[in-house]
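Notes follow the structure.
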Amino acid sequence: MGHLVGKDIYKKLVQKIDAQAVRVPFNERIYNIVKALYSAEEAEIYVKMPYGLSTLDRIQKITGINPARLKNLLEGLSDKGLVIDLFIDGEYHYMPSPIAVGIFEFTMMRTQGDLDMETWGKLFHHYFEDGSLYKANFSNGEQIGPLRTVPHEESLADHVEILDYERAVHIVESAEKVAVGLCSCRHEKHHADAKECDVPLDTCLSFGMGAEYLTRHNMAVEVSKSALKENLARSREYGLVLQADNVQKGIASICQCCGCCCNLLLGMNKFGYENAIVTSNFIADIEDEKCTGCGKCAKACPINAIEMKDDSDPNTKRKKKPEINLDLCIGCGVCGLDCKPSACQLIPRKKRVIHPETTFERVILQSLERGALQNQIFDNPENIGNKAMNAILGAFLRLPPVKSALMSDALRSRFLGAMRAGVRLQGKGFLTEM
(Lines give C-alpha, C1' and ligand atoms only; values in the text may rest on other atoms or scores of the structure.)
Protein backbone atom coordinates (compact mmCIF):
# COMPACT_ATOMS: atom_id res chain seq x y z
CA MET A 1 0.00 0.00 0.00
CA GLY A 2 1.11 3.57 -0.62
CA HIS A 3 2.50 5.31 2.42
CA LEU A 4 1.47 8.72 3.69
CA VAL A 5 4.05 10.48 5.80
CA GLY A 6 4.32 13.14 8.45
CA LYS A 7 1.37 15.25 9.41
CA ASP A 8 -0.67 14.12 6.38
CA ILE A 9 -1.42 10.66 7.78
CA TYR A 10 -2.47 12.02 11.17
CA LYS A 11 -4.68 14.64 9.58
CA LYS A 12 -6.32 11.91 7.50
CA LEU A 13 -6.68 9.85 10.67
CA VAL A 14 -8.60 12.65 12.39
CA GLN A 15 -10.77 13.03 9.29
CA LYS A 16 -11.57 9.30 9.44
CA ILE A 17 -12.50 9.54 13.13
CA ASP A 18 -14.58 12.64 12.38
CA ALA A 19 -16.56 10.74 9.73
CA GLN A 20 -18.13 8.44 12.34
CA ALA A 21 -21.16 8.77 14.63
CA VAL A 22 -19.39 11.22 16.97
CA ARG A 23 -17.84 14.15 15.10
CA VAL A 24 -14.26 15.22 15.83
CA PRO A 25 -13.27 18.60 14.36
CA PHE A 26 -9.61 18.87 13.43
CA ASN A 27 -7.34 21.13 15.43
CA GLU A 28 -3.87 20.97 16.90
CA ARG A 29 -5.17 19.44 20.12
CA ILE A 30 -6.74 16.35 18.52
CA TYR A 31 -3.72 16.06 16.23
CA ASN A 32 -1.48 15.82 19.31
CA ILE A 33 -3.74 13.11 20.76
CA VAL A 34 -3.71 10.82 17.73
CA LYS A 35 0.02 11.27 17.20
CA ALA A 36 0.60 10.18 20.80
CA LEU A 37 -1.63 7.11 20.45
CA TYR A 38 -0.96 5.76 16.94
CA SER A 39 2.22 4.90 15.10
CA ALA A 40 2.27 6.06 11.48
CA GLU A 41 1.70 2.47 10.33
CA GLU A 42 -1.26 2.04 12.69
CA ALA A 43 -2.71 5.35 11.53
CA GLU A 44 -2.53 4.28 7.89
CA ILE A 45 -4.35 1.01 8.62
CA TYR A 46 -7.06 2.86 10.55
CA VAL A 47 -7.53 5.30 7.65
CA LYS A 48 -7.90 2.50 5.08
CA MET A 49 -10.15 0.21 7.14
CA PRO A 50 -13.88 0.00 6.34
CA TYR A 51 -16.04 1.96 8.75
CA GLY A 52 -18.14 -1.05 9.73
CA LEU A 53 -17.30 -4.39 11.33
CA SER A 54 -15.28 -6.41 8.81
CA THR A 55 -13.42 -9.70 8.73
CA LEU A 56 -9.65 -9.92 8.53
CA ASP A 57 -10.00 -11.21 4.97
CA ARG A 58 -11.99 -8.17 3.82
CA ILE A 59 -9.61 -5.72 5.48
CA GLN A 60 -6.64 -7.52 3.91
CA LYS A 61 -8.14 -7.26 0.43
CA ILE A 62 -8.77 -3.54 0.92
CA THR A 63 -5.41 -2.65 2.47
CA GLY A 64 -3.18 -5.15 0.65
CA ILE A 65 -1.18 -5.85 3.81
CA ASN A 66 0.30 -9.30 4.42
CA PRO A 67 -2.38 -11.24 6.39
CA ALA A 68 -0.07 -12.24 9.25
CA ARG A 69 1.25 -8.69 9.62
CA LEU A 70 -2.25 -7.24 9.39
CA LYS A 71 -3.59 -9.59 12.06
CA ASN A 72 -0.74 -8.66 14.39
CA LEU A 73 -1.36 -4.94 13.86
CA LEU A 74 -5.12 -5.22 14.35
CA GLU A 75 -4.66 -7.21 17.55
CA GLY A 76 -2.26 -4.56 18.84
CA LEU A 77 -4.69 -1.77 17.98
CA SER A 78 -7.49 -3.69 19.69
CA ASP A 79 -5.39 -4.12 22.84
CA LYS A 80 -5.06 -0.34 22.92
CA GLY A 81 -8.77 0.25 22.29
CA LEU A 82 -8.08 2.03 19.00
CA VAL A 83 -9.84 -0.72 17.06
CA ILE A 84 -12.80 -2.77 18.30
CA ASP A 85 -12.71 -6.52 17.68
CA LEU A 86 -15.78 -8.68 18.25
CA PHE A 87 -16.09 -12.45 17.80
CA ILE A 88 -19.10 -13.04 15.54
CA ASP A 89 -20.12 -16.18 13.64
CA GLY A 90 -16.88 -17.99 14.39
CA GLU A 91 -14.35 -15.26 13.56
CA TYR A 92 -13.21 -11.84 14.68
CA HIS A 93 -14.61 -8.74 13.02
CA TYR A 94 -12.80 -5.41 13.33
CA MET A 95 -13.88 -1.80 13.10
CA PRO A 96 -12.14 1.53 13.81
CA SER A 97 -13.04 2.88 17.25
CA PRO A 98 -14.96 6.16 17.29
CA ILE A 99 -13.74 8.88 19.63
CA ALA A 100 -16.57 8.01 22.05
CA VAL A 101 -17.51 5.52 23.22
CA GLY A 102 -14.14 4.27 22.05
CA ILE A 103 -10.73 5.90 21.69
CA PHE A 104 -11.03 8.18 24.71
CA GLU A 105 -12.65 5.73 27.12
CA PHE A 106 -10.58 2.68 26.18
CA THR A 107 -7.30 4.62 26.30
CA MET A 108 -7.99 5.88 29.81
CA MET A 109 -9.20 2.42 30.93
CA ARG A 110 -6.03 0.59 29.91
CA THR A 111 -4.10 -1.18 32.66
CA GLN A 112 -1.36 -3.01 30.74
CA GLY A 113 1.24 -2.19 28.13
CA ASP A 114 3.32 0.92 27.58
CA LEU A 115 1.15 3.43 29.42
CA ASP A 116 1.74 7.17 29.48
CA MET A 117 -1.44 8.08 31.33
CA GLU A 118 -0.22 11.46 32.52
CA THR A 119 0.44 12.63 28.96
CA TRP A 120 -2.76 11.11 27.57
CA GLY A 121 -4.90 12.48 30.40
CA LYS A 122 -3.58 16.00 29.91
CA LEU A 123 -3.98 15.82 26.12
CA PHE A 124 -7.60 14.67 26.32
CA HIS A 125 -8.39 17.21 29.05
CA HIS A 126 -6.89 19.99 26.94
CA TYR A 127 -9.02 18.90 23.96
CA PHE A 128 -12.30 18.72 25.87
CA GLU A 129 -11.62 22.11 27.45
CA ASP A 130 -11.86 24.04 24.17
CA GLY A 131 -15.48 22.98 23.58
CA SER A 132 -15.12 22.18 19.86
CA LEU A 133 -16.19 18.54 20.33
CA TYR A 134 -19.43 19.61 22.01
CA LYS A 135 -20.19 22.22 19.37
CA ALA A 136 -19.67 19.69 16.58
CA ASN A 137 -22.06 17.17 18.14
CA PHE A 138 -24.75 19.13 19.99
CA SER A 139 -25.11 22.61 18.47
CA ASN A 140 -27.90 21.72 16.01
CA GLY A 141 -30.47 20.25 18.38
CA GLU A 142 -29.31 16.64 17.99
CA GLN A 143 -31.55 14.16 19.82
CA ILE A 144 -29.47 10.96 19.72
CA GLY A 145 -26.37 10.53 21.86
CA PRO A 146 -24.28 7.54 22.93
CA LEU A 147 -25.57 7.43 26.52
CA ARG A 148 -28.94 7.81 28.26
CA THR A 149 -29.83 8.58 31.85
CA VAL A 150 -30.92 5.66 34.04
CA PRO A 151 -33.04 6.74 37.03
CA HIS A 152 -32.27 5.82 40.61
CA GLU A 153 -35.29 3.68 41.42
CA GLU A 154 -35.22 4.80 45.05
CA SER A 155 -36.30 8.26 43.86
CA LEU A 156 -39.35 7.10 41.90
CA ALA A 157 -42.73 8.18 43.22
CA ASP A 158 -45.15 5.48 44.34
CA HIS A 159 -46.92 3.45 41.65
CA VAL A 160 -44.72 4.75 38.83
CA GLU A 161 -44.15 2.20 36.08
CA ILE A 162 -40.58 1.62 34.93
CA LEU A 163 -39.48 -0.71 32.13
CA ASP A 164 -36.77 -3.31 32.62
CA TYR A 165 -34.25 -1.64 30.31
CA GLU A 166 -34.53 1.49 32.48
CA ARG A 167 -33.59 -0.36 35.67
CA ALA A 168 -29.89 -0.58 36.55
CA VAL A 169 -30.32 -3.67 38.73
CA HIS A 170 -32.19 -5.51 35.97
CA ILE A 171 -29.41 -4.67 33.49
CA VAL A 172 -26.91 -6.29 35.88
CA GLU A 173 -29.07 -9.32 36.64
CA SER A 174 -29.89 -10.09 33.00
CA ALA A 175 -26.30 -9.87 31.69
CA GLU A 176 -24.36 -13.05 30.87
CA LYS A 177 -21.06 -11.50 31.90
CA VAL A 178 -20.32 -8.43 34.03
CA ALA A 179 -17.12 -6.49 34.65
CA VAL A 180 -15.84 -3.29 36.24
CA GLY A 181 -13.14 -0.93 35.00
CA LEU A 182 -11.73 2.54 35.57
CA CYS A 183 -13.88 5.59 34.90
CA SER A 184 -12.18 7.22 31.92
CA CYS A 185 -13.36 10.74 32.76
CA ARG A 186 -12.17 10.67 36.38
CA HIS A 187 -8.94 8.99 35.34
CA GLU A 188 -8.34 11.73 32.77
CA LYS A 189 -9.08 14.44 35.37
CA HIS A 190 -6.76 12.73 37.86
CA HIS A 191 -3.79 12.80 35.49
CA ALA A 192 -4.61 16.35 34.37
CA ASP A 193 -4.59 17.49 38.03
CA ALA A 194 -8.24 18.50 37.63
CA LYS A 195 -10.03 15.89 39.77
CA GLU A 196 -11.81 17.72 42.59
CA CYS A 197 -13.98 14.92 44.03
CA ASP A 198 -13.18 11.88 46.16
CA VAL A 199 -15.23 9.45 44.05
CA PRO A 200 -13.35 6.17 43.40
CA LEU A 201 -12.17 5.36 39.88
CA ASP A 202 -13.61 1.82 39.62
CA THR A 203 -17.10 2.84 38.48
CA CYS A 204 -17.32 1.81 34.81
CA LEU A 205 -19.65 -1.19 34.60
CA SER A 206 -19.81 -3.36 31.48
CA PHE A 207 -22.03 -6.22 30.37
CA GLY A 208 -22.22 -9.00 27.81
CA MET A 209 -20.23 -8.32 24.65
CA GLY A 210 -18.90 -5.09 26.15
CA ALA A 211 -17.56 -6.91 29.21
CA GLU A 212 -16.04 -9.60 26.98
CA TYR A 213 -14.16 -7.01 24.90
CA LEU A 214 -12.90 -5.03 27.88
CA THR A 215 -11.77 -8.01 29.97
CA ARG A 216 -10.07 -9.66 27.00
CA HIS A 217 -8.00 -6.52 26.50
CA ASN A 218 -7.32 -5.92 30.22
CA MET A 219 -9.45 -2.78 30.44
CA ALA A 220 -11.84 -4.28 33.00
CA VAL A 221 -12.02 -7.15 35.47
CA GLU A 222 -14.81 -9.72 35.50
CA VAL A 223 -16.68 -9.69 38.81
CA SER A 224 -19.78 -11.27 40.30
CA LYS A 225 -23.19 -9.69 39.88
CA SER A 226 -23.43 -9.20 43.64
CA ALA A 227 -20.16 -7.22 43.55
CA LEU A 228 -21.56 -5.05 40.77
CA LYS A 229 -24.73 -4.39 42.76
CA GLU A 230 -22.56 -3.31 45.70
CA ASN A 231 -20.72 -1.00 43.33
CA LEU A 232 -24.05 0.56 42.32
CA ALA A 233 -25.06 0.91 45.98
CA ARG A 234 -21.83 2.77 46.70
CA SER A 235 -22.58 5.14 43.85
CA ARG A 236 -25.95 5.94 45.39
CA GLU A 237 -24.08 7.02 48.52
CA TYR A 238 -21.90 9.31 46.40
CA GLY A 239 -24.91 10.66 44.51
CA LEU A 240 -23.67 9.68 41.07
CA VAL A 241 -25.66 9.87 37.84
CA LEU A 242 -26.21 6.53 36.10
CA GLN A 243 -25.76 6.64 32.32
CA ALA A 244 -26.19 3.52 30.19
CA ASP A 245 -25.83 2.77 26.51
CA ASN A 246 -28.58 4.66 24.71
CA VAL A 247 -30.30 1.43 23.66
CA GLN A 248 -33.01 -0.85 24.98
CA LYS A 249 -31.40 -4.19 24.08
CA GLY A 250 -27.82 -5.42 24.37
CA ILE A 251 -26.78 -2.75 26.87
CA ALA A 252 -22.98 -2.89 27.10
CA SER A 253 -22.18 -0.41 29.87
CA ILE A 254 -23.30 1.83 32.69
CA CYS A 255 -21.24 4.87 33.66
CA GLN A 256 -21.56 6.28 37.17
CA CYS A 257 -20.95 9.97 36.77
CA CYS A 258 -20.27 13.03 38.89
CA GLY A 259 -20.98 16.55 37.73
CA CYS A 260 -17.37 17.65 38.17
CA CYS A 261 -15.63 14.95 36.09
CA CYS A 262 -18.07 13.50 33.54
CA ASN A 263 -17.33 14.98 30.13
CA LEU A 264 -20.93 14.62 28.94
CA LEU A 265 -22.29 16.35 32.03
CA LEU A 266 -19.70 19.08 31.47
CA GLY A 267 -21.24 19.54 28.04
CA MET A 268 -24.29 20.82 29.91
CA ASN A 269 -22.66 22.41 32.95
CA LYS A 270 -19.82 24.23 31.24
CA PHE A 271 -20.84 24.69 27.61
CA GLY A 272 -24.63 24.86 27.95
CA TYR A 273 -25.64 22.08 25.55
CA GLU A 274 -28.80 20.76 27.18
CA ASN A 275 -29.01 17.92 24.65
CA ALA A 276 -25.57 16.54 25.56
CA ILE A 277 -27.38 14.10 27.86
CA VAL A 278 -30.27 11.92 26.70
CA THR A 279 -32.84 12.08 29.47
CA SER A 280 -34.68 9.26 31.19
CA ASN A 281 -38.45 8.97 30.88
CA PHE A 282 -38.84 10.64 34.27
CA ILE A 283 -38.52 14.13 35.65
CA ALA A 284 -38.04 15.54 39.15
CA ASP A 285 -41.05 16.87 41.03
CA ILE A 286 -41.44 18.51 44.45
CA GLU A 287 -44.43 17.64 46.64
CA ASP A 288 -44.85 21.03 48.28
CA GLU A 289 -46.71 19.81 51.36
CA LYS A 290 -43.82 17.52 52.33
CA CYS A 291 -40.92 19.84 51.46
CA THR A 292 -39.06 21.38 54.44
CA GLY A 293 -36.88 23.65 52.30
CA CYS A 294 -33.64 22.03 53.48
CA GLY A 295 -31.96 22.53 50.09
CA LYS A 296 -30.37 19.08 49.90
CA CYS A 297 -31.93 18.42 46.50
CA ALA A 298 -30.41 21.59 45.03
CA LYS A 299 -26.96 20.72 46.39
CA ALA A 300 -27.22 17.16 45.06
CA CYS A 301 -28.32 18.03 41.52
CA PRO A 302 -25.32 17.33 39.22
CA ILE A 303 -26.46 19.77 36.53
CA ASN A 304 -27.69 22.66 38.71
CA ALA A 305 -31.28 22.24 37.58
CA ILE A 306 -32.68 23.04 41.05
CA GLU A 307 -32.50 26.48 42.60
CA MET A 308 -33.59 27.51 46.09
CA LYS A 309 -35.93 30.50 45.90
CA ASP A 310 -37.44 32.66 48.64
CA ASP A 311 -40.70 31.22 49.94
CA SER A 312 -43.31 33.94 50.42
CA ASP A 313 -46.06 31.57 51.58
CA PRO A 314 -47.21 32.84 55.02
CA ASN A 315 -48.53 29.39 55.91
CA THR A 316 -45.12 27.71 55.97
CA LYS A 317 -42.05 27.99 58.17
CA ARG A 318 -39.77 27.50 55.17
CA LYS A 319 -37.54 30.38 54.18
CA LYS A 320 -36.61 28.79 50.85
CA LYS A 321 -38.21 26.32 48.47
CA PRO A 322 -36.74 24.41 45.52
CA GLU A 323 -37.61 25.34 41.96
CA ILE A 324 -36.81 22.83 39.22
CA ASN A 325 -35.78 23.90 35.74
CA LEU A 326 -37.73 21.29 33.80
CA ASP A 327 -35.85 22.09 30.60
CA LEU A 328 -32.59 21.02 32.26
CA CYS A 329 -33.69 18.06 34.40
CA ILE A 330 -32.34 14.78 32.99
CA GLY A 331 -34.41 12.56 35.30
CA CYS A 332 -31.50 10.92 37.12
CA GLY A 333 -33.11 10.97 40.58
CA VAL A 334 -29.94 11.98 42.43
CA CYS A 335 -31.89 14.87 43.95
CA GLY A 336 -34.28 12.52 45.73
CA LEU A 337 -31.77 10.07 47.19
CA ASP A 338 -31.24 12.05 50.39
CA CYS A 339 -34.68 13.65 50.70
CA LYS A 340 -35.84 12.49 54.14
CA PRO A 341 -39.53 13.45 53.78
CA SER A 342 -39.62 12.02 50.21
CA ALA A 343 -40.80 15.36 48.88
CA CYS A 344 -38.44 15.24 45.89
CA GLN A 345 -39.33 12.35 43.61
CA LEU A 346 -39.32 11.28 39.99
CA ILE A 347 -42.57 11.21 38.05
CA PRO A 348 -43.19 10.24 34.39
CA ARG A 349 -42.46 12.84 31.72
CA LYS A 350 -45.48 14.06 29.81
CA LYS A 351 -43.97 12.68 26.60
CA ARG A 352 -41.96 9.46 26.59
CA VAL A 353 -38.42 9.55 25.27
CA ILE A 354 -38.00 6.99 22.48
CA HIS A 355 -34.61 5.40 23.05
CA PRO A 356 -33.15 3.37 20.14
CA GLU A 357 -33.89 -0.33 20.41
CA THR A 358 -30.41 -1.57 19.45
CA THR A 359 -26.87 -0.30 18.93
CA PHE A 360 -27.47 -0.65 15.19
CA GLU A 361 -30.41 1.78 15.40
CA ARG A 362 -28.50 4.21 17.61
CA VAL A 363 -25.49 4.35 15.29
CA ILE A 364 -27.72 4.83 12.24
CA LEU A 365 -29.73 7.65 13.83
CA GLN A 366 -26.71 9.27 15.45
CA SER A 367 -24.81 9.17 12.14
CA LEU A 368 -27.79 10.61 10.26
CA GLU A 369 -28.05 13.56 12.64
CA ARG A 370 -24.33 14.30 12.34
CA GLY A 371 -24.03 13.97 8.57
CA ALA A 372 -22.08 10.71 8.61
CA LEU A 373 -24.64 8.04 7.66
CA GLN A 374 -23.25 7.65 4.14
CA ASN A 375 -20.05 6.24 5.66
CA GLN A 376 -22.01 3.43 7.30
CA ILE A 377 -23.70 2.54 4.00
CA PHE A 378 -20.73 2.85 1.61
CA ASP A 379 -18.07 1.93 4.12
CA ASN A 380 -15.01 1.16 1.97
CA PRO A 381 -12.91 4.35 1.83
CA GLU A 382 -10.50 2.79 -0.71
CA ASN A 383 -13.15 1.94 -3.33
CA ILE A 384 -13.68 4.62 -6.01
CA GLY A 385 -17.32 3.63 -6.50
CA ASN A 386 -17.94 3.78 -2.76
CA LYS A 387 -16.32 7.21 -2.61
CA ALA A 388 -18.55 8.55 -5.39
CA MET A 389 -21.77 7.16 -3.92
CA ASN A 390 -20.66 8.30 -0.48
CA ALA A 391 -20.31 11.89 -1.70
CA ILE A 392 -23.67 11.89 -3.52
CA LEU A 393 -25.62 10.28 -0.67
CA GLY A 394 -23.88 12.44 1.92
CA ALA A 395 -24.90 15.64 0.14
CA PHE A 396 -28.51 14.41 -0.05
CA LEU A 397 -28.74 13.28 3.59
CA ARG A 398 -27.27 16.55 4.85
CA LEU A 399 -30.19 18.51 3.39
CA PRO A 400 -32.14 19.76 6.46
CA PRO A 401 -35.60 18.73 5.11
CA VAL A 402 -34.36 15.20 4.38
CA LYS A 403 -32.73 14.80 7.78
CA SER A 404 -35.77 16.18 9.60
CA ALA A 405 -38.14 13.90 7.72
CA LEU A 406 -36.15 10.72 8.40
CA MET A 407 -35.81 11.59 12.11
CA SER A 408 -39.53 12.38 12.46
CA ASP A 409 -41.93 10.14 14.37
CA ALA A 410 -43.82 9.51 11.12
CA LEU A 411 -40.88 8.14 9.09
CA ARG A 412 -38.26 7.05 11.62
CA SER A 413 -39.57 3.50 12.04
CA ARG A 414 -39.91 2.91 8.28
CA PHE A 415 -36.47 4.38 7.65
CA LEU A 416 -34.86 2.07 10.22
CA GLY A 417 -36.75 -0.89 8.75
CA ALA A 418 -35.34 -0.10 5.31
CA MET A 419 -31.82 0.16 6.77
CA ARG A 420 -32.19 -3.23 8.48
CA ALA A 421 -33.38 -4.82 5.24
CA GLY A 422 -30.46 -3.35 3.32
CA VAL A 423 -27.91 -4.66 5.81
CA ARG A 424 -29.43 -8.15 5.67
CA LEU A 425 -29.17 -8.13 1.87
CA GLN A 426 -25.43 -7.46 2.31
CA GLY A 427 -25.14 -10.59 4.46
CA LYS A 428 -24.57 -8.58 7.65
CA GLY A 429 -27.82 -9.33 9.43
CA PHE A 430 -25.90 -9.86 12.68
CA LEU A 431 -25.42 -6.09 12.89
CA THR A 432 -29.15 -5.51 13.31
CA GLU A 433 -29.19 -7.70 16.43
CA MET A 434 -26.43 -5.79 18.21
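The values are calculated or read from the model by the stated rules, or taken from the named source; none is laboratory data. Everything numeric in this text was worked out from a predicted model, so none of it was measured. Positions of Cβ are generated from backbone atoms using ideal geometry, with glycine treated the same way; all protein chains shown enter the neighbour counts.
List the number of the failed condition for Ile377; all other conditions in (1) loosely packed, with under 13 Cβ neighbours inside 10 Å; (2) within 26 Å of the chain's Cα centre (by Cα); (3) β-branched (Val, Ile, Thr) hold.
So the condition that Ile377 fails would be (1).
Strands (runs of 3 or more DSSP E) wholly in the range 237-317 with at least 2 residues that are surrounded by fewer than 15 Cβ atoms within 10 Å (Cβ to Cβ) - which ones?
Values: elements: 241-245, 253-257, 282-286, 306-310.
Of the strands (runs of 3 or more DSSP E) lying wholly inside the range 237-317, those with at least 2 residues that are surrounded by fewer than 15 Cβ atoms within 10 Å (Cβ to Cβ) span 306-310.
Could you tell me which of the residues Lys189, Lys195 is touching a residue at least 60 places away in the same chain (Cβ under 8 Å), part of a helix (DSSP H, G or I), closer than 18 Å to Pro302 by Cα and touching a Lys or Arg at 6+ places or on another chain (Cβ under 6 Å)?
One residue alone meets the criteria, Lys189.
Is it the case that the range 368-390 has a residue that's closer than 18 Å to Lys428 by Cβ and among the basic types (Lys, Arg)?
no
Tally the residues that are in a helix (DSSP H, G or I) and either surrounded by fewer than 18 Cβ atoms within 10 Å (Cβ to Cβ) or modelled with pLDDT under 95 (or both), restricting the search to the range 61-99. Write out each step before concluding.
Going through the range 61-99, the residues in a helix (DSSP H, G or I) turn out to be 61-63, 67-79, 99.
Then drop every residue that is not either surrounded by fewer than 18 Cβ atoms within 10 Å (Cβ to Cβ) or modelled with pLDDT under 95 (or both), which leaves 61-63, 67-69, 71-72, 75-76.
Selection size over the range 61-99: 10.
Could you tell me which numbered condition Val278 fails, if it satisfies all but one of (1) among the aliphatic types (A, V, I, L, M); (2) within 16 Å of Gly331 (Cβ to Cβ); (3) over 16 Å from the mean Cα position of the chain (by Cα)?
(3)
So, restricting to helices (runs of 4 or more DSSP H) that lie completely within the range 331-434, which ones have at least 3 residues that are at pLDDT 80 or above and among the polar types (S, T, N, Q)?
On the way: elements: 359-369, 373-377, 384-397, 400-407, 412-425.
By residue number, 359-369, 373-377.
Just need a number here: residues in the range 264-292 that are of a type in the set (Ser, Thr, Tyr) and within 19 Å of Ala100 (Cβ to Cβ). Quick ask: steps written out before the conclusion?
Taking the range 264-292 first, the residues of a type in the set (Ser, Thr, Tyr) are 273, 279-280, 292.
Of the ones still in play, those that are also within 19 Å of Ala100 (Cβ to Cβ) are 273, 279.
Total meeting the criteria: 2.
On the basis of being more than 18 Å from Glu142 (Cα to Cα), in contact with a Pro (Cβ under 9 Å, 6 or more places away or on another chain) and either in contact (Cβ under 8 Å) with a residue 60 or more places away in the chain or assigned by TED's automatic domain parsing to the domain that holds His93 (or both), does Asn390 make the cut? Please lay out each step first, then the result.
Values: more than 18 Å from Glu142 (Cα to Cα): yes; in contact with a Pro (Cβ under 9 Å, 6 or more places away or on another chain): yes; either in contact (Cβ under 8 Å) with a residue 60 or more places away in the chain or assigned by TED's automatic domain parsing to the domain that holds His93 (or both): no.
So Asn390 fails the test.
Just the residues that are part of a helix (DSSP H, G or I) and touching a strand residue (DSSP E or B) at 6+ places or on another chain (Cβ under 6 Å), please, taken from the range 9-49. Reasoning before the result, please.
Narrowing the range 9-49 to residues part of a helix (DSSP H, G or I): 9-18, 28-37, 40-48.
Result: Tyr46, single match.
What about Val180, is it crowded, with 19+ Cβ neighbours inside 10 Å, of a type in the set (A, V, I, L, M), part of a loop (DSSP other than H, G, I, E, B) and touching a residue at least 12 places away in the same chain (Cβ under 8 Å)?
Values: crowded, with 19+ Cβ neighbours inside 10 Å: yes; of a type in the set (A, V, I, L, M): yes; part of a loop (DSSP other than H, G, I, E, B): no; touching a residue at least 12 places away in the same chain (Cβ under 8 Å): yes.
It is false that Val180 is crowded, with 19+ Cβ neighbours inside 10 Å, of a type in the set (A, V, I, L, M), part of a loop (DSSP other than H, G, I, E, B) and touching a residue at least 12 places away in the same chain (Cβ under 8 Å).
Could you tell me whether Phe415 is touching a residue at least 60 places away in the same chain (Cβ under 8 Å) and surrounded by 12 or more Cβ atoms within 10 Å (Cβ to Cβ)? Working first, answer last.
Details: touching a residue at least 60 places away in the same chain (Cβ under 8 Å): no; surrounded by 12 or more Cβ atoms within 10 Å (Cβ to Cβ): yes.
When the stated conditions are applied, Phe415 does not pass them.
Can you find, within the range 349-374, the residue that is nearest to the chain's Cα centre (by Cα) among those that are small (Gly, Ala, Ser) and at negative phi?
Going through the range 349-374, the residues small (Gly, Ala, Ser) turn out to be 367, 371-372.
In the following step, the residues that additionally are at negative phi were identified as 367, 372.
Numbers: Ser367: 13, Ala372: 17 Å.
By that ranking, first place goes to Ser367.
Please find, within the range 11-62, the residue that is nearest to the chain's Cα centre (by Cα) out of those that are within 16 Å of Asp85 (Cβ to Cβ) and among the polar types (S, T, N, Q). Don't jump to the end; show me each part of the working.
Within the range 11-62, the first condition is being within 16 Å of Asp85 (Cβ to Cβ), and the residues that meet it are 42, 45-46, 49-60.
Remaining after also requiring among the polar types (S, T, N, Q): 54-55, 60.
Working: Ser54: 22, Thr55: 25, Gln60: 30 Å.
Out of the qualifying residues, it is Ser54.
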